[in-house]
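For reference, the structure discussed in these notes is given below.
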Amino acid sequence: MPSLCRDCFAPFSEAKRCPSCGSPRVVSHEELNTLSIAHMDCDAFYASVEKRDNPSLQNKPVIIGGGRRGVVSTACYVARIRGVTSAMPMFKALKLCPDAVIIKPRMEAYVEASRAIRRMMERLTPDIEPLSLDEAFMDLSGTARLHGAPPAVMLARLVKQMQSELGLSGSIGLSHNKFLAKVASDLDKPHGFSVIGKAETDSFLKDKPVRLIWGVGAAAQMSLDKAGIRTFSDLLRWERTDLIARFGSMGDRLWHLARGEDRRRVSAHTPMKSISNETTFYEDTSDPDLLDGHLWRMAEKVADRAKAKHLAGRVVTLKLKRSDHSLLSRRISLRDGTQLADTIYRTASSLFHQVGDQGPYRLLGCGLSDLISEDVADLSADLLDPKAKQRTAAERATDEIRERFGTDAILKGRSLR
């Protein structure tokens, strides 16, 4: 069976240790040298960046997130052993791991690390489809001749380079399609390298739970449970037409995935669907001034991201979560698309006032969707608001000042609330 040492990259026939360097970090598989679709997932990315930048945290449980009322963004593996998971409420995480070090996210540091990893990936293939800052699909088909080595070798080199140059680790999933590559990357975290070949696809999936399918959340899982579908074997008993009748387009996708079929290509140009920002408050609040200040700061962040991506949005969305965790969501379509913080804020504020006094609230968010090019945005002045052009000019001038002198060079009074 073809085998590869993940430390010295020596190829050899199957063995428990590398015959060249003695390392036990060996990956073996019949199809090791022929598979080319990969998923790379960084290990506890945000927490790993923090531990790299602050070695005193190395052996401590670290949780990245907001205050006690927030949720966990990332937990290091020390904290995960105690039961802490991503998206867990912070108060619950602290009950499980009271000695955890809580760190507020430093997005600029994570973005910088992500870009460095992306540059390493680009040396392997141009076909990269990022899913987030810390994970991406790669298609290395046809690259063996270029690199003089099969994709498996180049992927092993990638994660070793990440470790040596960036102090960050990742796990690799290698297979014949995106679905199985993503499943494989979760099989042996952290520092994993797992392979799912074509020949073993049916036997591998047979008794696995359907929650392995990316995108099957709690609500979808409940619907599948009601239909008696808990494993891939359960899915295989359904006719394709019956799955579509019961679950719509998701049913057709489930029928294919039950057979390990995924024809989606690795696309480097998957369009962004929305831009949003939200915050969870330390304490529930109905204070209109406090909420208004947060809404402005969110509108600014959404606008900044839209401008950086040269995008605009035709739909503004407001999201509110009450103290009982019930959600309120409002959205409105604009005549023109916008990327202006002033327009996003005024529209979201109007939606907020339409909701009325239904607080106190524990979460507030706003966003843009139905994204378009900035070239066709904010073109027409509002005839009912003669000062709209003046505010637009002021915001563009503010953007130039902030770009030249820093984001804190100029602030609106409402941002200090």
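What the table below lists for this structure:
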read-out	value
Surface accessible to a 1.4 Å probe, V78 within the full protein complex, Å²	50 Å²
On Cα atoms only, tilt of 107-122 relative to the major axis of the chain in degrees	40 degrees
The chain: Cys lacking any partner C-beta under 4.7 angstrom	C42, C76, C97, C366
Distance (nanometres) between label positions extended 7 Å along Cα→Cβ at A10 and A245	6.1 nm
Convex hull volume of region 26-89 per residue (C-alpha atoms, cubic angstrom)	145 Å³
Bins of 10 Å from zero: percent of alpha-carbon pairs in the chain	4, 17, 24, 27, 18, 8, 2, 0
Two-decimal Rg/Rh across region 258-332, once Rg and the Kirkwood Rh are taken from alpha-carbon atoms	1.12
Candidates V101, V216, V71, ranked by Gaussian network fluctuation over the chain, Cα under 10 Å, top entry	V216
Kirkwood Rh, angstrom, region 300-384 [1 / mean 1/r, Cα pairs]	13.4 Å
Cα shape, region 168-225, gyration tensor, a/c 1.5 rule	oblate
Binned Cα-Cα distance frequencies in region 224-297 - 5 Å width, integer %	3, 12, 16, 11, 7, 7, 10, 9, 12, 10, 3, 0
Extent along principal axes [Cα atoms of region 88-203; Å; largest to smallest]	51, 37, 22
Proximal charge balance of C97 [Cβ under 11 Å; K/R count +1, D/E count -1]	+4
Radius ratio Rg over Rh of region 56-118, counting only Cα atoms, Kirkwood formula for Rh	1.00
Surface per residue (accessible, 1.4 Å probe) for the chain, Å²	53 Å²
Region 227-306 versus region 135-191: alpha-carbon centroid distance in Å	25 Å
Protein accessible area in region 139-296, 1.4 Å probe - carbon and sulfur %	49 percent
Assigned charges on the beta-carbon of Lys, Arg, Asp, Glu; region 178-324 dipole about Cα centre (debye)	740 debye
Kirkwood-based shape ratio for region 232-363, expressed as Rg/Rh from alpha carbons	1.14
Region 316-382, relative contact order [Cα under 8 Å, separation at least 6], %	48 percent
Globularity index of region 161-281, i.e. its alpha-carbon radius of gyration over 2.2 N^0.38 Å	1.25
For the chain, size of Cβ-based charge dipole, Lys and Arg +1, Asp and Glu -1, in debye	480 debye
Apportionment of accessible area to carbon and sulfur, region 1-133, percent (1.4 Å)	53 percent
Label-point separation, S20 to A87 (7 Å along Cα→Cβ), nm	4.2 nm
Difference of contour (0.36 nm per residue) and Cα-Cα distance, E108 to S203	29.9 nm
For L320, net neighbour charge (Lys/Arg +1, Asp/Glu -1) across residues whose Cβ lies under 10 Å away	+4
Kirkwood estimate for region 138-201, i.e. one over the average of 1/r between Cα atoms, Å	12.3 Å
Pairs of alpha carbons in region 1-43 whose separation is greater than 14 Å (percent)	47 percent
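The values are calculated or read from the model by the stated rules, or taken from the named source; none is laboratory data. As the structure is a prediction and not an experimental result, all values here were calculated from the model. Quick reminder, even Gly has a Cβ in these numbers, built from the backbone with ideal geometry, and neighbours come from all protein chains shown. Areas reflect the complete protein model, heavy atoms only, side chains present, ligands, DNA and RNA absent. Shrake-Rupley method; radii C 1.70, N 1.55, O 1.52, S 1.80 Å.
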